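The values are calculated or read from the model by the stated rules, or taken from the named source; none is laboratory data. From a predicted model like this one, the values you see are computed outputs, not experimental measurements. Every residue, glycine among them, receives a Cβ derived from its backbone with ideal geometry; neighbour counts consider all protein chains shown.
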Amino acid sequence: MAVMERIKTAIVGASGYSGEQLVRLLLRHPGVELVALTSRQEAGRAVSEVMPKFRGWPGAEALCFIEPDPARLRELAVATAFLALPHGVAAEIALPLLSAGMTVIDLSADFRLEDAAVYREFYDHDHPAPEWLSEAVYGLPEVHADRIKAARLIASPGCYPTSVILPLVPLLRQRLIDPGTITTCAMSGVSGAGRKASVPLLFAECNESVRAYSVPKHRHLSEIEQELSRAAGEQVRITFTTHLVPVTAGICTTTYASLRPGVTAARVTEVMTGLYESARFVRLLGEGGCPDTKNVVGTNFIDIGWAVDDRTGRVILLSAEDNLIKGAAGQAIQSFLLS
């Protein structure tokens with residue numbers, strides 16, 4: 001029996017929530033040899049000390065956090081590096097890794113946008129490596145699989161964008177909805193803000209409360225509109241409102257759009273099924289299906305349901321996913337397995 005070649009991988013910025021999920025998933029993957037975890041804050045400490053849940057896991061006991069040094073990653077013969085770093089920081093380390101011939105899968109926002117001016121508008125500083133934007137591939141496997149397979153630099157989508165884009169792409173491609181009428185309301189667990197000390201994210205501030213934030217221009221709106229415009233073949237602008245809810249993980253998103261004349265519920269079901277019936281991690285709940293975060297948290301699935309409101313002529317699209325897995329680490333690994 002042939003022995004599977006294990007690909008040497010590294011996680012740069014492994015001490016955050018998404019990084020921790022990458023550690024969990026990659027340690028279990030038979031085709032992966034996880035050779036390096038980096039963290040400036042935790043450098044020199046054993047993985048089992050920083051993340052006690054991995055005590056006794058095969059491959060974890062020998063791992064220690066190291067500084068995010070590209071030269072050290074080259075010495076370790078890393079073939080693929082996952083970057084779980086803040087935007088603005090990821091690009092700095094991505095460039096030397098790419099120059100060393102590694103495949104880079106970036107979970108930050110640094111390479112998701114095609115236009116450096118849009119990045120400047122939404123992230124309030126100039127893009128650190130605009131020359132790489134044309135080469136980066138937006139890592140949404142259900143939509144861009146062929147491009148991901150050939151990519152050296154994969155920009156893994158944000159958690160909110162995944163929940164908004166996937167339900168809308170089939171309808172926009174088939175011109176079933178009016179793009180100018182799209183409105184989205186999305187709710188996320190507190191882990192979506194990352195592992196950081198912040199008063200608005202304290203338990204006493206979040207518990208027993210729901211609030212909107214980043215109104216009217218959440219940063220993820222930039223990549224959502226980019227990908228919806230690509231699907232529609234025309235410029236798309238939407239209203240997108242995010243809410244923080246008192247759960248650890250999970251995103252629940254509801255999107256509304258006006259159907260074009262003559263479009264029926266059966267036609268909506270047909271195009272949804274046509275694009276996603278063979279998609280491994282998309283579970284279609286069908287007409288009237290209402291996704292529940294409890295059914296997706298801890299998994300790489302996104303559940304999608306829909307309803308047609310004949311009274312208003314609108315379609316209501318509903319989705320649920322785990323923001324740290326399908327919305328981050330799990331989706332990045334999907335792209336890794338394609339590349």
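Data overview
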quantity	calculated
Qualifying residue in the range 63-79 (condition: within 24 Å of the chain's Cα centre (by Cα), closer than 21 Å to residue 148 by Cβ, at pLDDT 95 or above and surrounded by fewer than 19 Cβ atoms within 10 Å (Cβ to Cβ))	yes
Some residue of the range 325-334 being at pLDDT 95 or above, more than 21 Å from residue 141 (Cβ to Cβ) and not hydroxyl-bearing (Ser, Thr, Tyr)	no
Residue among 65, 82 that is in contact with an Asp or Glu (Cβ under 9 Å, 6 or more places away or on another chain) and more than 22 Å from residue 136 (Cα to Cα)	65
Strands (runs of 3 or more DSSP E) enclosed by the range 234-339 - at least 2 residues per element that are touching a residue at least 40 places away in the same chain (Cβ under 8 Å) and among the acidic types (Asp, Glu)	none
Qualifying positions in the range 82-122 - at pLDDT 95 or above and among the acidic types (Asp, Glu)	106, 110, 114, 115, 121
Residues that are over 23 Å from residue 312 (Cα atoms) and crowded, with 24+ Cβ neighbours inside 10 Å, drawn from the range 167-191	188
Total residues in the range 190-218, condition among the small types (Gly, Ala, Ser) and in a helix (DSSP H, G or I)	4
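Residue-by-condition table, conditions (1) buried (at least 18 other Cβ atoms within 10 Å of the Cβ); (2) in contact with a Cys (Cβ under 6 Å, 6 or more places away or on another chain):
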{"residue": "211", "(1), (2)": "no, no"}
{"residue": "214", "(1), (2)": "no, no"}
{"residue": "224", "(1), (2)": "yes, no"}
{"residue": "227", "(1), (2)": "yes, no"}
{"residue": "233", "(1), (2)": "no, no"}
{"residue": "236", "(1), (2)": "yes, no"}
{"residue": "241", "(1), (2)": "no, yes"}
